[in-house]
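**Student:** What follows is a structure written as C-alpha cells; I'll ask about it next.
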Amino acid sequence: MGLKDVVQRVPTQALWGGLLALWFLYLICLAVYRLNLSPLAKFPGPKLAGLTKWYEFYYEVVKRGQYQFLINDMHKKYESGVMAFRTADRHSKCPIVRVTPFELHVDESTFWDELYNKHPKSRKYDWMNGRFGNETSIFTTCDPTLHRLRRAPLNPMFSRRSIMAQEPTVQEKSNYLCDRLVEYMEKDKFINVARMWSSFAGDVITRYSFGFDDNHLGSEDFKACFHDAFLALSEFGHLSLQYPSLGTLMAALPDSISGAMDRELAKLLKLQRDFRTTIRRIKSDMSDPKKQPEHPTVFHEILRADLPPSEKSEVHLGHEAQTVIGAGLSTTAWAFTNATFYVLHKPEVLAKLREELWAAIPDINAADAFSYPKLEQLPYLKGVYREGIRLSHGVSARNPRLIPYPIEFNEWTIPAHTPVSMTIMNVTFDPEIFPEPNEFRPERWMNNPRAPDGQSLEQYWVNFGKGTRMCLGINLAYMELTLGLAHLFRRFKLELYETDKSDVILAHDFMLPAPKSDSKGVRVKVVGVEK
Ligand code: HEM
C-alpha cells in the first residue's frame, strides 16, 4: 500500500486535523527557536518582536509608521547590564535591541561610523528594498559589488564640479519661483510651501536627469508636483514590504482602478511608466545628433557609459530615474519646508538671516547678486539650511546593514550577516551632541563646532548617510537650498498662514518623514517685496 492509498483511506477531517496539528507543531518549534535558540535570542527586546514580524506590521501598517517611535522606547526600557562609557544619564539606556526575529537596532551615536563607514563589504538588507517598486536602482541594490558598478557612472555627474555647472538651471528656477510668488502676493493667496519646494526641486532634478522638466513650478497652486504621490508611495511601502506581490499587483491594475483606490499612488504608478517611456525615447534618439541635449544629462551619460546592456535596460533605468528623481525631490523639499517654517517661526533667526543676506546682497539686480560661490560662504545661511535638513530628518526609517563577519559592540558580539540598523534621528537628536535637539538653532553649525568627545560636529552630520552608500545628491541639495532660501528671504517679506510646529514635526515614519495626517501643510503668505 503506497502513501497515496494511505492518504485516500484517511477520512478528510482527520487529514485536515493532522495537517493543522503539524502546522501548530511547526509554529511551536519556530517560537522556541526564535525565543531561545536563535543567535539573536540573547539580545534584549520585546518577546513579541523576537517572535514574529506581525509586531512590526501592526505598528507600521495598522498604526501607520509608528514602529520607529516604539524602537526608541525599547532603547529606554530595556537594561543592557554592562554600560559605562557615556554620561550617567545614558547608563540606563540599552543601546542595542532586537526589533524583529532577524534584526537588531543600535542607538549609540558613536557607532554610526563603524556601521556605515568601516565595512565596505557590508550589504543592504534585501527584505527592506522591495518597498518602492524600484528594486534594481542604486538605492535598493544590496550587493556591494553590483552597487559599485551601478553607482560608478553616476558619481561624476554629481561631483561638485558637475553640480557647479548646474547653477544656471537652479538660478533660472529660483527666479521663476520668485515671479510666481509675486503673483500670489497680488492675489493675496496663501502658498503650500511643501508643494512649492517640491515643484522647485522636482523641476531641477528632472531637467538635469533628462534635459527637460514638466514645469511643476508653473502649475496652479503647485498641484502638479509629486510631493503627495511620493508620500503615498512611501506609506504603501510599509505594506508592500510585508507583501511584496502587492506592489506588482497595483502596478498591473488599470489606472481607473488604482486611481479609485488611491489617487496619489496611481499618479506615482503612472510616473513609473512615464520614466520607462522617456528612457526608451532617449535611447532611440541617441544615434541622432540633432536630438541631443545642449548640456550633459544624467541619463544620456549613463546610456553612453561603458556598461553591460542589462545596466541600460528600460526597466533598470526606469528604476534609477525613480530613485534619482524621488530622492532628489522629497528629501530636499521637506528640508526646505522645515527651514522656511522655522525661519518664519523664530523672529530672531529671521532677523539674523536678513542681516547676513542684506550685507552679502546689497543690490538684488547686481550681476553676481545671487552667485552660488559667494552665497555658499555665508555661515548663517549654511546654519539655516543645515538645521532645516536636521529637523526634517531626510530619511526617518532605520537603515540596516549586514556585515559578513562578527563585529563587537560594547559587551555584545553581533553575529555575521545579521541585519543591524541605526536611525538618523537617533544621532541628530542625541542631546549630548546636539543640545536641545528640537530647537532650530543655526548657530550650532558656526565656527567649526565640536561634539563633546572633541570630534568635529561634521562627524555626526549623518543626514546624508556615510560611506559608499552615502547620498549621491548632497552637492545638488546644498546648491538648491542655498540659492532657493537666499532668493526667498532676500526678495520677499513672508508670514506663516494658519501653521504651527505640528505641521512639520515627525508624526509618521513612512521612511520619508510625515507630519500629523490632518495637517493642511506649512502655508505662507507673501506680504511684501524687498528692494
Ligand atoms: C536635503 C536633501 C537630501 C537628504 C537629506 C538626502 C538623504 C539621503 C540619505 C539619508 C540617503 C541614504 C543613504 C544610505 O542608504 O545610507 C540618500 C541616498 C540617496 N540620495 Fe539623497 N538626500 C538628499 C537629496 C538628494 C538629492 C538632491 C538627490 C539627487 C540626485 C539625491 C539622491 C540620492 C540617491 C540617488 C541616493 C542613493 C545612493 C546610493 O544608495 O548609492 N538625494 N540620500
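The values are calculated or read from the model by the stated rules, or taken from the named source; none is laboratory data. This is a predicted model, so every value here is computed, not measured. All Cβ positions, glycine included, derive from the backbone under ideal geometry; neighbour counts span all protein chains shown. For accessibility, only protein heavy atoms count, side chains too; no ligands or nucleic acids. Shrake-Rupley method; radii C 1.70, N 1.55, O 1.52, S 1.80 Å.
**Student:** Which fully enclosed helices (runs of 4 or more DSSP H) of the range 111-195 have 2 or more residues being in contact with a His (Cβ under 9 Å, 6 or more places away or on another chain) and crowded, with 20+ Cβ neighbours inside 10 Å?
**Tutor:** Ranges flagged: 167-187.
**Student:** Scan the range 320-335 for residues that are more than 8 Å from the ligand (Cβ to nearest atom), closer than 23 Å to Leu381 by Cα and out of contact with any Lys or Arg (no Cβ under 9 Å at 6 or more places or on another chain) and report the count.
**Tutor:** 1
**Student:** Return the only residue of Ala333, Ala339, Ala351, Ala367 being open to solvent by 20 Å² or more (accessible area, probe 1.4 Å), assigned to a helix (DSSP H, G or I) and either small (Gly, Ala, Ser) or at pLDDT 95 or above (or both).
**Tutor:** Of Ala333, Ala339, Ala351, Ala367, the one residue that is open to solvent by 20 Å² or more (accessible area, probe 1.4 Å), assigned to a helix (DSSP H, G or I) and either small (Gly, Ala, Ser) or at pLDDT 95 or above (or both) is Ala351.
**Student:** Let me ask something additional. Mind counting the residues in the range 260-275 that are buried (at least 17 other Cβ atoms within 10 Å of the Cβ) and not in a loop (DSSP other than H, G, I, E, B)?
**Tutor:** The initial filter retains those residues of the range 260-275 that are buried (at least 17 other Cβ atoms within 10 Å of the Cβ), namely 262, 264-269, 271-272, 275.
Adding the requirement that they be not in a loop (DSSP other than H, G, I, E, B) leaves 264-269, 271-272, 275.
Residues in the range 260-275 being buried (at least 17 other Cβ atoms within 10 Å of the Cβ) and not in a loop (DSSP other than H, G, I, E, B): 9 in total.
**Student:** Further question on the same structure: Is the range 443-450 home to any residue that is more than 9 Å from the ligand (Cβ to nearest atom), under 27 Å from His119 (Cα atoms) and in a loop (DSSP other than H, G, I, E, B)?
**Tutor:** No.
**Student:** Taking the range 78-108 as the region of interest, how many residues are at pLDDT 85 or above and out of contact with any strand residue (DSSP E or B) (no Cβ under 9 Å at 6 or more places or on another chain)?
**Tutor:** 2
**Student:** Right, another one. Restricting to the range 286-312, name every residue that is away from the ligand (no atom under 16 Å from the Cβ), among the charged types (D, E, K, R) and either crowded, with 16+ Cβ neighbours inside 10 Å or touching a residue at least 40 places away in the same chain (Cβ under 8 Å) (or both).
**Tutor:** Residues satisfying the conditions are Glu294, Lys312.
**Student:** Does Ala232 satisfy the condition of being touching a residue at least 60 places away in the same chain (Cβ under 8 Å) and surrounded by fewer than 23 Cβ atoms within 10 Å (Cβ to Cβ)?
**Tutor:** no
**Student:** Here are some residues: Asn438, Asn426. Which one is out of contact with any Phe, Trp or Tyr (no Cβ under 7 Å at 6 or more places or on another chain), closer than 22 Å to Pro95 by Cα and crowded, with 16+ Cβ neighbours inside 10 Å? I'd like the intermediate steps shown before the answer.
**Tutor:** Numbers: Asn438 fails: crowded, with 16+ Cβ neighbours inside 10 Å.
Sole residue among the options that is out of contact with any Phe, Trp or Tyr (no Cβ under 7 Å at 6 or more places or on another chain), closer than 22 Å to Pro95 by Cα and crowded, with 16+ Cβ neighbours inside 10 Å: Asn426.
**Student:** If you scan the range 469-491, which residues turn out to be more than 7 Å from the ligand (Cβ to nearest atom) and open to solvent by 10 Å² or more (accessible area, probe 1.4 Å)?
**Tutor:** Those that are more than 7 Å from the ligand (Cβ to nearest atom) and open to solvent by 10 Å² or more (accessible area, probe 1.4 Å): Asn475, Tyr478, Arg491.
**Student:** Residue under question is Trp358, and the condition is that it be aromatic (Phe, Trp, Tyr), within 16 Å of the ligand (Cβ to nearest atom) and either modelled with pLDDT of 95 or more or buried (at least 18 other Cβ atoms within 10 Å of the Cβ) (or both); does it hold?
**Tutor:** Judged against the criteria, Trp358 is not a match.
**Student:** Would you please name the residue that is nearest to Phe336 (Cα to Cα), looking only at residues in the range 455-468 that are open to solvent by 40 Å² or more (accessible area, probe 1.4 Å) and more than 13 Å from the ligand (Cβ to nearest atom)?
**Tutor:** The selected residue is Glu458.
**Student:** For the range 215-229, give me each residue that is surrounded by fewer than 19 Cβ atoms within 10 Å (Cβ to Cβ) and either more than 14 Å from Lys173 (Cα to Cα) or at pLDDT below 95 (or both).
**Tutor:** Applying the first criterion (surrounded by fewer than 19 Cβ atoms within 10 Å (Cβ to Cβ)) to the range 215-229 yields 215, 218-221, 223-224, 228.
Listed by number, the residues that qualify are Glu220, Asp221, Lys223, Ala224, Asp228.
**Student:** Is there a residue in the range 503-521 that is surrounded by 13 or more Cβ atoms within 10 Å (Cβ to Cβ), aromatic (Phe, Trp, Tyr) and within 14 Å of the ligand (Cβ to nearest atom)?
**Tutor:** no
**Student:** Let me ask something additional. Output yes when any residue across the range 431-446 is β-branched (Val, Ile, Thr) and without any contact (Cβ under 8 Å) to a residue 60 or more places away in the chain, and no when none is.
**Tutor:** no
**Student:** With the structure loaded, tell me whether Val315 is among the β-branched types (Val, Ile, Thr) and open to solvent by 40 Å² or more (accessible area, probe 1.4 Å) or whether it fails that test.
**Tutor:** Details: among the β-branched types (Val, Ile, Thr): yes; open to solvent by 40 Å² or more (accessible area, probe 1.4 Å): yes.
Yes, satisfied.
**Student:** In the range 397-414, is there at least one residue being open to solvent by 10 Å² or more (accessible area, probe 1.4 Å), assigned to a strand (DSSP E or B), over 26 Å from Asn338 (Cα atoms) and without any contact (Cβ under 8 Å) to a residue 12 or more places away in the chain?
**Tutor:** The answer is yes; a qualifying residue exists.
**Student:** Could you list, in sequence order, all residues of the range 117-144 that are farther than 23 Å from Pro244 by Cα and away from the ligand (no atom under 13 Å from the Cβ)?
**Tutor:** Lys118, Lys121
Residue by residue, here is whether (1) outside any loop (DSSP other than H, G, I, E, B); (2) touching a Gly at 6+ places or on another chain (Cβ under 8 Å) holds:
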residue	(1), (2)
Leu303	yes, no
Leu307	no, no
His316	yes, no
Val324	yes, yes
Ala327	yes, yes
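**Student:** Right, another one. Within the range 224-254, which residues are closer than 16 Å to Gly521 by Cβ and either touching a Lys or Arg at 6+ places or on another chain (Cβ under 7 Å) or within 16 Å of the ligand (Cβ to nearest atom) (or both)? I'd like the intermediate steps shown before the answer.
**Tutor:** In the first step, residues of the range 224-254 are kept if they are closer than 16 Å to Gly521 by Cβ; the result is 224-232.
Of everything in the range 224-254, those that are closer than 16 Å to Gly521 by Cβ and either touching a Lys or Arg at 6+ places or on another chain (Cβ under 7 Å) or within 16 Å of the ligand (Cβ to nearest atom) (or both) turn out to be Cys225, Phe226, His227, Ala229, Phe230, Leu231.
**Student:** Among Asp221, Asp188, which is touching a residue at least 60 places away in the same chain (Cβ under 8 Å) and at positive phi?
**Tutor:** Being touching a residue at least 60 places away in the same chain (Cβ under 8 Å) and at positive phi holds for just one of Asp221, Asp188, which is Asp188.
**Student:** What's the total number of residues in the range 410-435 that are more than 16 Å from the ligand (Cβ to nearest atom) and more than 24 Å from Trp127 (Cα to Cα)?
**Tutor:** Summing the residues that are more than 16 Å from the ligand (Cβ to nearest atom) and more than 24 Å from Trp127 (Cα to Cα) in the range 410-435 gives 8.
**Student:** Can you name the residue in the range 363-405 that is under 30 Å from Ser421 (Cβ atoms) and more than 15 Å from the ligand (Cβ to nearest atom) and, of all such residues, is nearest to the chain's Cα centre (by Cα)?
**Tutor:** Restricting to residues being under 30 Å from Ser421 (Cβ atoms) and more than 15 Å from the ligand (Cβ to nearest atom), the top hit is Pro404.
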